[in-house]
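I have placed the structure first, in the form of structure tokens, so that the comments after it can refer back to it.
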Amino acid sequence: MSSPFAGLPVTFVGSFPDPAIQLDPPLPEFAFAGRSNVGKSSLLNALTGQPGLARVSGTPGKTVHLNVFRAPELYLVDLPGYGYARASRTERHRLSRLVDTYLTRRDTLAGVVWLLDIRRDPSEEDLAMQAMMAHSGRPVLVVLTKMDKLNHSEIAPRVRALAAALALHEDQVQPVSSRTGAGIADLGESLLAAARSFT
Ligand code: GTP
Ligand code: MG
């Protein structure tokens, strides 16, 4: 089973520093949020089946704007990551304002794909992000990335532990691997279903 986005024409729209950017035409938007290096850009590429679409980097902190892709009936928005310790205080502040303003004020935001590394417990910044998203009232799809880094028998216990740490049910967190493609098709279906029900 492949992602429902694979084979669709997905195009890069632009890179924007302004959280109030007007996209034409207006379409439902899905944002990819999570700490730096968690795998946001890789997930976008895996979902669309286009490896070179969003910039993947071994060096964290490269995404500093809203990078927008058209999918074509919705927009996918690659957000800057948080928690990049080596960025300056001013830059971290600017990035967190950009992300927070975008996530809380955006009328066309249909949902957030929130990524956590399956091997790591949620950080303080992760929990702050979760609280902010709960406050904004947007649907959130919680995705646990890099499941290929674990042995098969380690996956279920980590899913349970992370769900518990986030006060969620196990069914509310989806393990995926952008490397092997595991879980990607299901996530793509969830996104399309959410986009269709967004009015
Ligand atoms: P920023 O843009 O800095 O916030 O990072 P990001 O969240 O976009 O992460 P990115 O997709 O650039 O991936 C970071 C690193 O993790 C890269 O070296 C990827 O190759 C690696 N990576 C991403 N997804 C996976 C995965 O599913 N499995 C494995 N093994 N590595 C992954
Ligand atoms: Mg990125």
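Within the listed set D126, D24, D100, the Gaussian network model of the chain (springs between alpha-carbon atoms below 10 Å) gives the highest mean-square fluctuation for D24.
Sorting R158, R179 by accessible area puts them as R179, R158; the probe is 1.4 Å, largest comes first, and only protein heavy atoms count. Roughly what % of Cα-Cα distances in segment 152-199 sit above 14 Å, to the whole percent? Roughly 61 percent, rounded to a whole number.
Over the alpha-carbon set of the chain, divide Rg by the Kirkwood Rh and report the Rg/Rh ratio to two decimals.
Numbers: Rg = 15.6 Å, Rh = 16.8 Å.
Checking Rg against Rh, the ratio lands at 0.93.
Surface composition of the chain: carbon and sulfur atoms hold 51% of the protein heavy-atom accessible area at a 1.4 Å probe. Going by accessible surface with a 1.4 Å probe and the largest first, T101, T48 read T101, T48.
In this rough spin-label picture, where each label sits 7 Å from Cα along the Cβ direction, the T199-R97 distance is 3.7 nm. For segment 88-135, the normalised intensity computed at q = 0.16 Å⁻¹ comes to -0.54 (log10 of I(q)/I(0), Debye sum over alpha carbons, equal scatterers, no solvent). When the Cα atoms of segment 52-145 are aligned to their principal axes, the ranges along those axes come out at 36, 32, 29 Å in descending order. Taking 0.36 nm per residue of separation and subtracting the Cα-Cα distance, full extension of the segment from E124 to R55 would add 22.2 nm. Once C-alpha pairs closer than 8 Å and six or more residues apart are averaged by separation and normalised to the residue number of the chain, the relative contact order reads 25 percent. In a DSSP loop and with at most 10 other Cβ atoms within 10 Å, the trypsin sites (Lys or Arg not before Pro) in segment 86-130 are R86.
Extension gain for K149-A165 works out to 3.7 nm (0.36 nm per residue, less the C-alpha to C-alpha distance). Surface analysis of the chain yields an accessible area of 50 Å² per residue, using protein heavy atoms and a 1.4 Å probe. Rounded to the nearest 10 square angstrom, H65 shows an accessible area of 60 square angstrom against a 1.4 Å probe.
Beta bridges from DSSP with both residues in the chain: antiparallel share about 30 percent, rounded to the nearest 5. Over segment 92-187, the hull volume per residue, using the convex hull of the C-alpha atoms, is 112 Å³.
In the P(r) worked out for segment 1-71, what percent of Cα pairs fall beyond 13 Å? I get 68 percent for the Cα pairs in segment 1-71 exceeding 13 Å.
Please give the net charge around L103, taking every other residue with its beta carbon less than 13 angstrom from that of L103, where Lys and Arg add +1 and Asp and Glu add -1. Summing Lys and Arg as +1 and Asp and Glu as -1 gives +1. Backbone geometry of segment 78-87 corresponds, through the Karplus equation with coefficients 6.51, -1.76 and 1.60 at θ = phi - 60°, to 3J(HN,Hα) couplings of 7, 9, x, x, 9, x, 8, 5, 8, 6 Hz, x marking Gly and Pro.
Bridging of K149 to aspartates and glutamates at a Cα separation below 13 Å is possible for D117, once same-chain residues fewer than 8 apart are set aside. Subtracting the Cα-Cα distance of A182 and S15 from their residue separation scaled by 0.36 nm leaves 57.2 nm.
Exposure check, 1.4 Å probe, all protein chains in place: T108 carries approximately 40 Å² of accessible surface.
The values are calculated or read from the model by the stated rules, or taken from the named source; none is laboratory data. Just so we're clear, the structure is a prediction, and the values are computed from it rather than from any experiment. We place every Cβ from the backbone using ideal geometry, glycine too, and count neighbours over all the protein chains shown. We work out accessible area using only protein heavy atoms, side chains counted, and drop any ligands, DNA or RNA first. Shrake-Rupley method; radii C 1.70, N 1.55, O 1.52, S 1.80 Å.
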